[in-house]
1. Convert 10 °C to kelvin, take the viscosity as 1.306 mPa s, use the Kirkwood radius over C-alpha pairs of region 39-238 as Rh, and evaluate the Stokes-Einstein diffusion coefficient in µm²/s, rounded to a whole number.
2. If I take R0 = 30 Å and measure r between the Cβ atoms of Phe163 and Thr62 in this structure, what FRET efficiency does the formula 1/(1 + (r/R0)^6) give, to the nearest 0.05?
3. Using all C-alpha to C-alpha distances in region 104-173, build P(r) with 10 Å bins and read off the rounded percent in each one.
4. Suppose the chain between Val94 and Lys54 were pulled fully straight at 0.36 nm per residue; how much longer would it get relative to their current alpha carbon spacing?
5. Please sort by residue number the chymotrypsin sites (Phe, Trp or Tyr not before Pro) in region 112-175 whose DSSP state is loop and whose Cβ has at most 13 other Cβ atoms within 10 Å.
6. Pull up the cross-link candidates among the lysines for Lys190, meaning alpha carbon to alpha carbon under 23 Å and not fewer than 8 places away within one chain.
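FYI, it's all coordinate maths here, none of it is from the lab. Only a predicted model underlies this, so the values are computations on that prediction, with no experimental measurement involved. Cβ placement follows ideal geometry from the backbone for every residue including glycine, while neighbour counts extend to all protein chains displayed.
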Amino acid sequence: MTNTKRAASAILSTLLGIAVVGAVGITLHTLSADALRGKLVATKSADTITVDGKNYPKASVTMGVYPDRATAVEHGSKPTKKDYVQYGPSNHVVLPAHTYVTMTLHVYDSGDKLNNPYFGKVVGTIGGTINIDGVDVSSVAPDAVQHTFTLHGLPTSSQDPLFVNVPLPHVEVNDKDEFIPTKDPGTNNKGHTVVFSFLTGGKGEYVFNCEYPCGDGTYANFGAAMGAYGYMSGKVTVA
């Protein structure tokens, strides 16, 4: 092969590589844009609170967990492409650093049994409890969970550790698989309201996901919504 042909071949290979990387990048960007549905930024408060002798600013954020796209839209969430169980209105939550964050989750799905009963325990919240429809609890029975909000990140030298696990109580169904009205006015008696607080550390990137097997039957019920980013998983940016 002549030097000219070698050079032409190298250039062609380089251009092909750039094209492939570009196509993958565009695809991932498109998928991420759909999955994130914009950012959900916590609302900062003028109030402060003292925890273990240290003063923290306060912030709050509200999300929902919905059994399908129609329920999500009904309660004001942004639509998704697939009709999966999902968090909303977004799967990218932005929280302020070194802050006392109070999160409210309105949850509307049924459930079954956790694969691992550990995720029925409340971990990482202030006081080790969550408030469900006005009642403080430290756990939910493994067979009474609809989903979990499990926030975590890889421990690194560049960001503080953050781990929160909140089991979310199921909405009961009748023998016709219809939802039974609850006693929670915050969800118009269609679900449960779960409130909890935790402390953020310094800036970092974390993820949240559900640890209840709520997929489509593949991979031990961890397929579909569980395997498609932007439905039962998401990103938390502490900024």
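1. Working: Rh = 17.1 Å.
Result for D is 93 µm²/s.
2. Details: r = 21 Å, r/R0 = 0.72.
Approximately 0.90, to the nearest 0.05.
3. Taking all Cα pairs of region 104-173, the binned fractions are 20, 49, 23, 7, 0 percent.
4. 12.1 nm
5. Values: sites: Tyr118, Phe119, Phe149, Phe163; in loops: Phe163.
Of the chymotrypsin sites (Phe, Trp or Tyr not before Pro), the ones in loops of region 112-175 whose Cβ has at most 13 other Cβ atoms within 10 Å are Phe163.
6. Correct list for Lys190: Lys78, Lys82, Lys113, Lys176.
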